[in-house]
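> Structure in structure tokens, see below.
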Amino acid sequence: MQNFIEVEKEMNLVTVNSNKSTTIGGVEGLIRSLQTINKKAELVELYHSIGTKEAFYENGNVKYINFSVTDSSLSLVNKVRTKLNQRKIIGNLCSSDSDIIIIFHPNDLLYIPKKTLKCSKIIMVQTNKFDKYFEPFSKLVMFLVGQYIDYVTVYTIYDLEHLISIYPRLTRLIKVIPRGCRIDTAASVRNCSKKLVTIARIDEDQKNFSEMIRVFNLLPEGYSLDIYGGGSEFEINCLKSKVEKVDGVQFKGVISDVAPILREYSTFLMTSRYEGFGQTLIEARSQGLPIVAYETFVALKWIVEDGKNGFIIESDNTQMFADKIEDICKDNSRYLAMSDFALVKSNETNMNHIIKLWDEIL
């Protein structure tokens, strides 16, 4: 465990998430970024599982607390005890109006004591498209305790408009803060080739790798597809069994240094059934890779300008997805124009700009 810096802090900045931020994921990357912003705060990270293999070192300035409760009792009992423990720890940590709690799901409002809800600043961060984010139980939570939210951050202006249509009373609390790109923008465009890549958490239900393989099978000879990412042993084994049957497709495992890997490829693919923002898309864009992705989440049209730095495909149109990959990769002049525009658009998610937006509400 890390050694904490013994400096008296003015406030607690607490993040609450399922996975530890030392693992790979969009939310986890955001938490790591937030832990670098507010220098006056005592940084505390609450989590209840590791989920995937840790790929990053712990931050020596952060106190990590795993609030999960596990023993030999029934799993339902453990879940209840875990949530009660979460509520108890938050209540002990946050008791003044200078404390800040950042949550990534509406349901976590239930596990903050009312006294803490009243006195602390509560920031709720969008992590998925709102059809997934506000499922029926979450809507009930919002009805009961949503009035205690101080800010809601959303990815894009399109998400803001959608959220206002659902909860007009949140209008003045909504801040548009896209995810910041964690890697520097490449200095030059990519070379046109038939080397395709995706980077994703290995989760078939969400990421839809089966569809990606179907797309790949429609491409002519000469193409290759490499899949990077981490996940549970079960999910990884399932993916390996799929790709070993397809010539040209490989599973490459977890990576932490993304930029040099991306620069080895030509085009980035995403076939997800749903996403919140698509952190890997802005990382691919920052390295000059055109993107081909299914239109399954609102933020995509903010990240990709159709026909300019990639293509947005209607859901499940497998043939069109494959055709657009060919359109990009067979025309060198078109490819270079798309790669150049990807680099231009990457300025929208420059990390320094995003940090300034966060600093305004922390």
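> Can you sort 32, 169 from fewest to most other Cβ atoms within 10 Å of each residue's own Cβ?
169, 32
> How far is helix 318-329 tilted, in degrees, relative to the longest principal axis of the Cα atoms in the chain, given as a value from 0 to 90 rounded to the nearest 10?
70
> Okay, next question. Per DSSP helix of 4 or more residues, -39500 (n - 2.57); summed, then divided by the residues of the chain. What does that give at 222 nm, rounded to the nearest 500?
Value at 222 nm, helices only, nearest 500: -10500 deg cm²/dmol.
> I've got another one for you. Looking at this model, which pairs from 79/301; 63/252; 308/330; 88/175; 129/356; 194/356 are more than 27 angstrom apart at the alpha-carbon?
Result: 79/301; 63/252; 88/175; 194/356 exceed 27 Å.
> Between 29, 288, 307, where does the largest GNM mean-square fluctuation fall for the chain, given springs only between Cα atoms within less than 10 Å?
Sorting by GNM fluctuation, first place goes to 307.
> While we're on this one: Against the longest principal axis of the chain, how steep is helix 136-145, in degrees 0 to 90 to the nearest 10, with axes from Cα atoms?
Its long axis makes an angle of about 40 degrees.
> Another question, if that's okay. Report, to the nearest 10°, how far helix 157-166 tilts away from the longest principal axis of the Cα atoms in the chain, using its own Cα long axis and a range of 0 to 90°.
Roughly 50 degrees between the two axes.
> Taking the Cα centre of region 11-177 as origin, work out the dipole magnitude from +1 charges on Lys and Arg Cβ and -1 charges on Asp and Glu Cβ, in debye rounded to 20.
Dipole magnitude for region 11-177 comes out near 360 debye.
> Moving to a separate point now. To the nearest 20 debye, what charge dipole does the chain have about its Cα centre, counting +1 at the Cβ of each Lys and Arg and -1 at the Cβ of each Asp and Glu?
Roughly 820 debye, rounded to the nearest 20.
> Which one is right for this structure if semi-axes √(5λ) of the Cα gyration tensor in Å is calculated from it: [x] 55, 23, 21; [y] 40, 21, 18; [z] 37, 22, 20?
Computed from the coordinates, semi-axes √(5λ) of the Cα gyration tensor in Å corresponds to [z].
> What does the C-alpha gyration tensor say about the overall shape of region 11-177? Classify as rounded when a/c is under 1.5, otherwise prolate if a/b is larger than b/c, or oblate.
rounded
> Got a sec? Which residues in region 263-280 would a label at residue 314 touch, if it sits 7 Å along Cα→Cβ and we count backbone N under 14 Å?
In region 263-280, the label zone of residue 314 (backbone N under 14 Å from the point 7 Å along Cα→Cβ) covers no residue.
> Here is a further query. Would you please put 150-162, 343-355 in order of how densely packed they are, using the mean number of other Cβ atoms within 10 angstrom per residue and starting with the highest?
So the order, starting with the most tightly packed, is 150-162, 343-355.
> Whole-Hz Karplus ³J(HN,Hα) for region 203-210, in order, using 6.51 cos²θ - 1.76 cosθ + 1.60 and θ = phi - 60°, x for Gly and Pro?
Each residue's phi maps through the Karplus curve to give 8, 4, 4, 8, 7, 6, 5, 4 Hz.
> Could you give the length gained on full extension between residue 246 and residue 340, defined as 0.36 nm per residue of separation minus the Cα-Cα distance, in nm?
Separation in residues times 0.36 nm, less the Cα-Cα distance, equals 30.7 nm.
We did not get these values from a lab; they are worked out from the coordinates using the rules stated. This one's a predicted model, so the numbers in the text were calculated from it and none came from an experiment. Note: ideal-geometry Cβ built from the backbone for every residue, glycine included; neighbour counts use all protein chains shown.
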